[in-house]
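Working notes, structure below.
Derivation of every value follows stated rules applied to the coordinates shown; laboratory data play no part. Given the structure is predicted, the values throughout are model-derived calculations rather than measurements. Note: ideal-geometry Cβ built from the backbone for every residue, glycine included; neighbour counts use all protein chains shown.
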Amino acid sequence: MPTLSLMPPEFSVLRDENKCIKCLACARQCGFDAQKYDAEDDRLYTIDANCVNCQRCVSICPVGALTIYKNPPPMRPNAYWSEGHLRNIIKQAETGGVLLTGMGNDQPFPSYFDRLLLNASQVTNPSIDPLREPMELRTYLGSRTEPVTLQEGQDEKTRTPLVPLETPIMFSAMSYGSISHEAFESLARAAKEFGTMFNTGEGGLPEDLYQYADHAVVQVASGRFGVHTGYLNAGRIIEIKIGQGAKPGIGGHLPGEKINAAVSATRMIPEGTDALSPAPHHDIYSIEDLKQLVFTLKEATRYQKPVSVKVSAVHNVAAIASGIARAGADIITVDGFRGGTGAAPTMIRDHVGIPIELAIAAVDQRLREEGIRNQVSLVAAGGFRSSADVVKAIALGADAVYIGTAALIALGCHLCQKCYTGKCSWGIATQDPYKTRRLNPEIGAERLYNLLRGWSHEIKEMLGGMGINSIESLRGNRLHLRGVGLNEVELKLLGVKHAGEAI
Amino acid sequence: MLREGDYRIPSGCAISGFINKDGSRIDGSSIIQSIALMQERSNGLGGGFAAYGIYPEYKDYYALHLLFEDKISRNQVEELIKDNFYIEAEDRIPTRHVRAISKAPLLWRYFVTPRVSKIHESQETEENFMTQLVMRINAQVNGAYVVSSGKNMGAFKGVGYPEDIGEFFRLDEYQAYSWIAHGRFPTNTPGWWGGAHPFTLLDWSVVHNGEVSSYGANRRFLEMYDYKITLQTDTEVIAYAVDLLVRRHKLPLELAARVLAAPFWQEIDRLPARERDLYTRLRVVYGSLLLNGPFSIIVGFSGGIMALNDRLKLRPLVAASKGNTLYVASEEAAIREICPEVEEVWYPRGGEPVIGRLEEEAQCRLSA
Amino acid sequence: MNYVLIGNSVAAVNAVAGIREYDREGDITIVSAENYYAYGRPLISYWLEQRVHEKDLPYRPETFFAQNKVRVLLGRRAVRLDPEARQVFLDDGESLPYDRLLLATGGRPLVPPINGLTPENHYTFMTYDDVRRLEKAASPGREAVILGAGPTGLKAMESLVRRGVKVTLVELADRIWAPALDPGAADLVTGFLQDRGVNIYLNDTLEGVRQGDNGRLDLELKSGRRLAADILVVAIGVRPNVELLQDLPGVTINRGVAVGPDLSTGLPGVYAAGDVVAGNPPLLPHAAIQGKIAGRNMAGGRETYKPVLPYNALGILGLHIISIGLSAAGEGYEILREADPAARVYRMLVLQDNRLVGGLLINRIDRAGIYRYLIEEGIEVTSFKDRLLQPDFGLLSLPDNLWQQQLAK
Amino acid sequence: MKKVYARPAYCMNCHLCEVNCIVAHSRSHDVFRAYKRENLRGTGRVIVEEKLPLSVAVQCRHCTDPACVAGCISGAMVKDPATGIVYCQEDKCVGCWTCVASCPFGAIRPGEKNGRPLPLKCDLCREEGEPACVAGCPNRALVFEERRAGA
């Protein structure tokens, strides 16, 4: 590293000395060595260059003495050579490395959620008041056997049970190791309490959290970390992870520093070694290989666990999804280009994949055209920011959605995008015991529960407004969507009319 | 002016129907009287009837009721029919002049039976072959529309108040063991005869009051099963849904009703294990066929009728009985109008089907 | 149940509380030789220097006795006990029957026979009456000699110095407060006092007292030194007031009254607590704890008194000293020590077999109780010995199970 | 009785319990005045001990038989028989610090207020309902609850 950085600090921390009571909470809580205390002089000071704007100090300061400012661009404004490009280039000139980042794509690509509007009932049919009438969000995931036959229990032994969700929102795959035990437990507890699912991600399920396994989607990824028969049978759903929205086409890398004893035991790898997930599964080089793995997992669990296959939303996702359905999967999970990650090369995160809205529309339409939509559940992931996004996704054709980033934000994440450093000040994306304890799973679970509760209630309100009292009547019901500012191709792909067009 | 099929048309309506379970047949004057009483619920933009048991002499033939806007379409359709069917009889549907009715299309009926070779060619069952042909005509032949296609039944519908339509079609001259009727209140004025109720497929006929908010979900589900949705009306998807569930997936009508107006999960959760399993499967597998939003419907079919309300009972539906006759209607007055001394009157709960079937003996007699 | 408590100091008051935990109704009578409601004896030095006023002396508010339904007989002395009849006789002839009796008579100052020493020409430093008498003499500019540089002598010294009296301490041992201060600490404290104008004579004692014509005392020390003084305070120790039980069959007197683990004496229904008990250090915490336990046991409790090691917190002229257990030990013990003479800080821990047996803290006394806990519980400190004198020493310095157990209390 | 229990697994070493304690025990009940006018920094009655990554807030356990009460020479330190709260009647304290030597948790520190001695110890915010340290703990590392002895 050169001693002189060509780049001035991105952020400045301002301390209002009139307010500061020198309780030192900021210095104790800063995860990035930006807040310092000099005991000899009884003086607090900051090293701005270290600040990542995670807002931990600002949040913890009992007197509101701290503000973090984004420094003005260190250059003459240039619409083409943006500050981001400049900083990246200089960083790479200094390090020669691949740019790494965390969380989801933060670039200003269009959001189709923001170009879709919902319908509501007026006069000709009544809206339904969720406070007065039952409003059903229960959603089942899995393959539907049709037609329904009356012979009771006739196919019970071979029938893979469907998995009920009390709300069509699950917690995305975030592996133990990439996130702390505390964060992981928060997700697990909230999922169980609310009656939905969390996803273990690719790092296995810690022994002490098996009590939540009946609400776990247990993932099998290319690294096969923590995968054993007990794990597969404990979970409610098994998910084969092929791809991830934040980094389609590439594998994962959890640095050795995050592999402590507990993570090592759960992942079944030596302590302190890097956990490398290969880009492909080395036993899946074709759709028929996938089918083999699907059925291997089904055999291993006596056909009692629905198998999900998770792919990134890429250009030909509809065809891929069809293949997955025909390979025997019960659930297809599609992760859009806004999906988050603990660590990804910046260029991949920001420039690969397609928006989840288009992917949902394409996959749902394709499966319907092939008449196999009822054979699989479609789960969408990647950048769900609100209950309205969820409603729009379901209207486009998803059965349920995964939320990851939103869940982390509920847990305290401030999107500083430094997950890959393992220094997370909020105790989420770290294994540092000084920081993980900042996330009390009791509180974490409560906050996540509250989020699900709030969103679910909003979904009910929106459904009621549309005159619908059950979520399945929204699924794929694109008539309740209208586009704004979308061109004809976009409207056609999404299968929606433009706002202003009649029903 | 866009018409049915070009976009969705919500409407409010009046419905009425009855069945003589002993199979005795009566003419159409009483159903006209009943539906006429609810004129308030219609606006003169659509009325229609379905009648069962009206063609005993052709009971083994599919009775195709067709409307044509012009001769070109009629020629096209007739070619199609000749290609695929033996035609036992054909004629113009008898009408009489009614002042309120104008701009009637050409109305024809054909009593047909499919050519076996064509069925083989299609690699489908006879009934699927029939439905596909009907949908092909509706979707592909501009200006032609199949009003009904069942056996020993027929639908009669058009633009106007239902009593005028009944008069126009001379329903007083038909004898049927069950009649259903519809007076329409669309919230726009497409003025197309095909858009009136009932909607039919094979021997299913559906009249409907309400607006189904789940239409998009229902429709896209049915499309997976090769139903060509042409009218964009709720009634059409209801008819197809019943056809899928009962004819193709072999569910008893009672259970099909539990799909269209599914019990709430909280009710299902309280059921004994076996029933819970069945009802859970019904909802899970056919969730997309749940008719969400306000509706009351009467479904007519060979040998019976079924009335059903949405599960919140957001639209009116009354049932009554006297002797062997079961009446259902939007309003009690519409029943009392034709049967002043009903023995029993009740208001079916939301989601609870009211089904009337021909007695076994009558069934045998009619199909003999 | 009829309870009679002889004595009205800390032990008796705590006995009342102890009794009332078990028995809300029984009659309680306190016989107090002093004319005051119970007060903390150590407060007398604060009273003398006017940091505490008479109204603040009471150990418990007067309402305490009413609330607990206690009859208090002030200024009455118990003179005879009839264990057979279960009666105690007072100096005015009244007799009180008892079912349970507590002997909490405490002790009195030890005054050795010294030539010329009379009750009139010296002061003791134990009771409120003592300091009320002393107050009259202790005016600024006068000179006082205090015999004995133990905690009592030192507190007397402090209050007299604060009143402007010039004080000389005479101590028989080779250092002040030898049972609590090791030589290093004693030096520090001695230096501190000398800086404040206190004369200190060690290895010396008083041999004779003469009253001069001017009313001043002429004191002759063993070393031959002669001291002139206006005030002589004798503070060399206390003697238990055991007279009531003297010579009664079944009672063992060994300086104090011998008691069983439940604090009962050999006489049926008779208990003892506080300074009167044999082997008990004459310290307030011990009296309080024993009083409470004796009270409970008198009323039906079955509690054992686990002897508490002596500990003392003493402030003298702004210097704070906490001594615990064998705080003055040296030879044969492992000593951990930290001293900062400039700040007059001295911290010393005494270990034996890797267990703390004593501690002495001067001027940096935070968390002292944790050392006392380790000493009392006899906890092995090998694993955290190096942390004992660290500035951030605390509960977390102890092994996990210990601090967890402490915090769960 | 209800006491404050520390849950070290969730103590994140922010020391805000100390700040909240100080404010609650200040004259002004205002954080700025408490620190900047009343100069109360460092006078928390709860002590956050650090052995990083571990930290824990230590405070009075309100013992059944409190050694500090037994040891108090002036009768200032008492245990309220009704509430069980051990607290110091400040105007009676003479500052001998026997309580400091008595407390097996080291939960009493010598302090002063307006030139008078004041033992810094938790009084469970006697008149305030939920103690300020518990109410303000951002991570519920402190709880105010009744636990059965030995539980």
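Loop-only check: which trypsin sites (Lys or Arg not before Pro) in segment C:1-101 are DSSP coil with at most 12 other Cβ within 10 angstrom? Taking segment C:1-101 and a limit of 12 other Cβ atoms within 10 Å, the loop trypsin sites (Lys or Arg not before Pro) found are C:ARG24. Residue-normalised convex hull volume from the C-alpha trace of segment C:311-407: 96 Å³ per residue.
Per residue of D:136-148, what is the mean number of Cβ atoms on other protein chains within 10 angstrom of that residue's Cβ?
Values: counts 1, 1, 7, 8, 4, 3, 0, 1, 0, 0, 0, 2, 0.
Taking all residues of D:136-148 together, the mean is 2.
Taking every alpha-carbon pair in segment B:1-131 and binning the separations at 5 Å intervals from zero gives 2, 7, 13, 15, 18, 18, 14, 9, 3, 1, 0 percent. Alpha-carbon geometry of segment A:176-331: the Rg and the Dmax are 15.1, 42 Å, given in that order. Take each residue of peptide A:433-441, count the partner chain Cβ atoms within 10 Å of its Cβ, and average: the result is 6. Placing +1 on the Cβ of each Lys and Arg and -1 on the Cβ of each Asp and Glu in the protein assembly as shown, which of A:PRO164, B:ALA239, A:THR149 has its Cα farthest towards the positive end of the resulting dipole? Final value for the positive-end residue is A:PRO164.
Springs join every pair of Cα atoms under 10 Å in this Gaussian network model of chain D, and among D:SER26, D:SER74, D:SER102 the largest mean-square fluctuation is at D:SER74. Using only Cα coordinates, the Kirkwood hydrodynamic radius of segment C:1-62 works out to 12.7 Å. Between the amide H of D:GLU112 and those of D:LEU118, distances stay under 5 Å, these residues lying 5 or more places away or on another chain, with hydrogens modeled in the peptide plane.
For the peptides A:13-22, C:167-176, C:264-273, residues were scored by their other Cβ atoms within 10 Å and the scores averaged per peptide; the highest-first order is C:264-273, C:167-176, A:13-22.
For segment C:311-407, with the dipole built from +1 on Lys and Arg beta-carbon atoms and -1 on Asp and Glu ones, taken about the Cα centre, which of C:LEU361, C:HIS320, C:TYR371 lies farthest toward the positive end? Towards the positive end, the residue furthest out is C:HIS320. The fraction of Cα-Cα pairs per 5 angstrom bin, counted from 0 for segment D:1-116, comes to 2, 11, 18, 20, 21, 17, 9, 2, 0 percent, rounded to whole percents. Taking a ≥ b ≥ c as the square roots of the Cα gyration tensor eigenvalues, chain B comes out rounded, since a/c falls below 1.5. Restricting the calculation to Cα atoms, the protein assembly as shown shows an Rg/Rh of 1.19 when the hydrodynamic-style radius is the Kirkwood one.
Pairs exceeding 26 Å between alpha-carbon atoms, taken from B:LYS151/B:LYS250; C:LYS155/C:LYS306; B:LYS82/B:LYS250; A:LYS36/A:LYS247: C:LYS155/C:LYS306; B:LYS82/B:LYS250; A:LYS36/A:LYS247.
Put the Cα centre of segment C:254-282 next to the Cα centre of segment C:333-382 and the gap is 31 Å.
The packing ranking, built from the mean of other Cβ atoms within 10 Å per residue, places the peptides A:421-432, B:125-136, B:240-251 in the order A:421-432, B:240-251, B:125-136, highest first.
Using the Cβ of D:TYR10 as centre and a radius below 10 Å, the other residues enclosed give a net charge of +2, where K and R count +1 and D and E count -1.
Taking amide H as placed 1.01 Å from N in the peptide plane, B:PHE85 has its amide H under 5 Å from the amide H of B:ARG115, each at least 5 places away in sequence or on another chain. Based on the reciprocal of the average 1/r between different C-alpha atoms, the Kirkwood radius for segment D:62-121 equals 11.3 Å.
Once you sort the root eigenvalues of the Cα gyration tensor of chain C as a ≥ b ≥ c, which label holds: rounded (a/c under 1.5), prolate (a/b larger than b/c) or oblate (the other case)? Here chain C falls in the oblate category. For the Cα trace of segment D:89-142, dividing Rg by the Kirkwood Rh returns an Rg/Rh value of 1.04. Each of A:ILE409, A:LEU439, A:THR421 was scored by the projection of its Cα onto the charge dipole of segment A:400-503, and the greatest displacement toward the positive side belongs to A:THR421; charges sit on the C-beta of Lys, Arg, Asp and Glu. Here segment C:311-407 is treated with +1 on each Lys and Arg Cβ and -1 on each Asp and Glu Cβ, and its dipole about the Cα centre works out to around 300 debye. Peptide A:390-397 has a mean shielding of 1, counted as Cβ atoms of other protein chains within 10 Å of each residue's Cβ. Over all Cα atoms in segment B:105-262, the spread is summed up by Rg and Dmax: 15.9, 45 Å.
Relative to the compact globular guide of 2.2 N^0.38 Å, what is the alpha carbon radius of gyration of segment C:1-160, as a ratio?
Taking the Cα Rg and dividing by 2.2 N^0.38 Å, one obtains 1.19.
Ranked by the mean number of other Cβ atoms within 10 Å of their residues, highest first, the peptides C:310-321, D:7-18, A:207-218 come out as D:7-18, C:310-321, A:207-218. Per residue, the convex hull around the alpha carbon atoms of chain A comes to 183 Å³.
Prolate is the label for segment A:11-97. Its Cα gyration tensor axes, ordered a ≥ b ≥ c, give a/c of at least 1.5 and a/b above b/c. Over chain C, what is the mean sequence separation of C-alpha contacts under 8 Å (at least six apart), divided by residue count, expressed as relative contact order in percent? The normalised contact order for chain C reaches 16 percent. Quick one: which of B:LYS157/B:LYS322; D:LYS51/D:LYS121; A:LYS492/B:LYS71; B:LYS103/B:LYS313 span more than 30 angstrom between C-alpha atoms? Pairs exceeding the cut-off: A:LYS492/B:LYS71; B:LYS103/B:LYS313.
Within the listed set D:PRO53, D:PRO104, D:PRO131, the residue fluctuating most in the Gaussian network model of chain D (springs between alpha-carbon atoms under 10 angstrom) is D:PRO53.
Placing +1 on the Cβ of every Lys and Arg and -1 on the Cβ of every Asp and Glu, with nothing else charged, gives segment C:128-234 a dipole about its Cα centre of roughly 360 debye.
Computed over all pairs of different Cα atoms, the Kirkwood value for the hydrodynamic radius of segment C:141-213 is 12.5 Å.
Each Lys and Arg Cβ is given +1 and each Asp and Glu Cβ -1; about its Cα centre, the protein assembly as shown then shows a dipole of about 2000 debye. When only alpha carbons are used to place a centre, segment A:96-168 and segment B:95-135 end up 40 Å from one another. Centre-to-centre, using Cα atoms only, segment A:186-221 and segment A:465-480 are separated by 29 Å.
Taken over the alpha carbons of segment C:125-255 as equal point scatterers, the Debye sum produces base-10 log I(q)/I(0) values at 0.15, 0.16, 0.18 Å⁻¹ of -0.75, -0.83, -0.99.
Under a Gaussian network description of chain B, with springs only between Cα atoms under 10 Å, the residue in B:GLY350, B:GLY216, B:GLY17 that fluctuates furthest is B:GLY216.
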